[in-house]
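In what follows, a single structure is set out as structure tokens and then discussed.
The values are calculated or read from the model by the stated rules, or taken from the named source; none is laboratory data. This is a predicted model, so every value here is computed, not measured. Cβ sites come from the backbone with ideal geometry, for glycine too, and all protein chains shown count toward neighbours. Surface areas here come from the heavy atoms of the whole protein model, side chains and all, with no ligands, DNA or RNA. Shrake-Rupley method; radii C 1.70, N 1.55, O 1.52, S 1.80 Å.
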Amino acid sequence: MQRIGIIGVGEIGRAIVEGLHHGDGAPPEVFLSPRGARTAAALAERFAGVRVCADNQEVVDRSDAVVIAVRRQDHREALAGLEVDDDTTVIHLMAGVATGELRRTLGTGAPIVRAIPLPAVRERRSVTVTCPAHPVVDALFERLGGVLPVADEGAFNAFSALTGTLTTHYAYLAALTGWATDQGIAPDAADRYVRGLFQNVGHSLGDGTRPLHQLAADHETPGGNNERIRTTWFDPANAAALGKALDGLLADLT
């Protein structure tokens with residue numbers, strides 16, 4: 001893939017461009033839409049071979065593969081009248097927009113591949129789910145940290161729902177620092193300690209030889225502090241509430 005276009009240059013679009021320029025290997029040419037003009041202009045200034053186009057059609061015309069990363073509520077307006085040749089590969093990042101719906105909007109026979117890249121692709125350390133498998137698209141995301149192809153949109157939507165838990169994790173950490181502050185600990189000290197505590201947990205996640213339930217067990221002492229908080233706070237009712245929230249999100253995405 002020598003030329004990549006991005007329509008909708010927000011946080012994920014920027015992360016993809018930065019990831020393509022991170023580490024070894026010559027990056028492809030990148031053509032950016034004027035949507036997200038400030039971010040697009042900043043990327044074009046930072047990286048050689050990155051250009052801002054006059055409109056979305058120019059992005060498509062110059063690219064072998066086009067990443068569509070606009071908000072789902074805006075996609076019909078943003079893509080109206082766009083002509084996409086059948087030999088262009090479309091990489092579709094919009095949660096809650098089915099492949100068939102996007103194909104009708106574009107009126108194209110081009111291959112359409114859904115993907116869920118996360119901001120960590122900028123450091124090439126995030127696994128991206130794709131649907132369906134496609135050699136060109138999968139090679140792109142393998143370069144950006146790894147790829148996990150799935151065969152059907154049902155499984156893809158389940159993975160998409162899982163991404164909706166990210167900010168809950170941050171809010172959980174913020175709640176811990178807030179509790180520590182209530183105990184008289186200085187906010188900066190509480191923040192530093194909680195960050196360090198969970199950064200260490202992040203390192204243990206890199207051990208793919210142990211399933212997650214085993215990691216939890218390995219960090220607990222029977223009758224100890226960790227077991228106490230897990231069993232008294234993250235009890236079956238709490239777990240069921242989380243499952244219900246995910247079920248509702250999945251229904252909306254489907």
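Odds and ends about this structure:
- When Ala37 is tested against (1) within 20 Å of Ile116 (Cα to Cα); (2) modelled with pLDDT under 95, exactly one condition is not met: (1).
- Restricting the first member to the stretch 173-186 and to residues that are touching a residue at least 12 places away in the same chain (Cβ under 8 Å) and surrounded by 12 or more Cβ atoms within 10 Å (Cβ to Cβ), and the second to residues that are among the acidic types (Asp, Glu) and part of a helix (DSSP H, G or I), the beta-carbon pairs closer than 8 Å and six or more apart or on different chains are Thr177/Asp191.
- Of all residues making up the stretch 103-133, the number that are open to solvent by 20 Å² or more (accessible area, probe 1.4 Å) and under 13 Å from Ala65 (Cβ atoms): 1
- Residues located in the stretch 59-77, provided they are part of a helix (DSSP H, G or I), surrounded by fewer than 17 Cβ atoms within 10 Å (Cβ to Cβ) and in contact with a strand residue (DSSP E or B) (Cβ under 8 Å, 6 or more places away or on another chain): Arg62
- Selection within the stretch 20-35 - of a type in the set (Gly, Ala, Ser) and farther than 17 Å from Ile68 by Cα: Gly23, Gly25, Ala26
- Criterion violated by Leu43 - all others in (1) in a loop (DSSP other than H, G, I, E, B); (2) under 21 Å from the mean Cα position of the chain (by Cα) satisfied: (1)
- Tally of residues being open to solvent by less than 10 Å² (accessible area, probe 1.4 Å) and assigned to a strand (DSSP E or B) across the stretch 19-30: 1
- Of all residues in the stretch 201-241 being in a helix (DSSP H, G or I) and acidic (Asp, Glu), the one that is modelled with the highest pLDDT: Glu227
- Residue satisfying condition, being buried (at least 23 other Cβ atoms within 10 Å of the Cβ), under 18 Å from the mean Cα position of the chain (by Cα), touching a residue at least 60 places away in the same chain (Cβ under 8 Å) and not in a helix (DSSP H, G or I), within set Ile91, Ile16, Ile6: Ile6
- Annotation: of all residues in the stretch 46-58 being outside any strand (DSSP E or B) and open to solvent by less than 30 Å² (accessible area, probe 1.4 Å), the one that is farthest from Glu18 (Cα to Cα) is Asn56.
- Tally of residues being open to solvent by less than 70 Å² (accessible area, probe 1.4 Å), out of contact with any His (no Cβ under 9 Å at 6 or more places or on another chain) and part of a loop (DSSP other than H, G, I, E, B) across the stretch 134-161: 4
- Taken together, Gly164, Gly206 contain a single residue that is closer than 29 Å to Leu93 by Cβ and surrounded by 10 or more Cβ atoms within 10 Å (Cβ to Cβ), which is Gly164.
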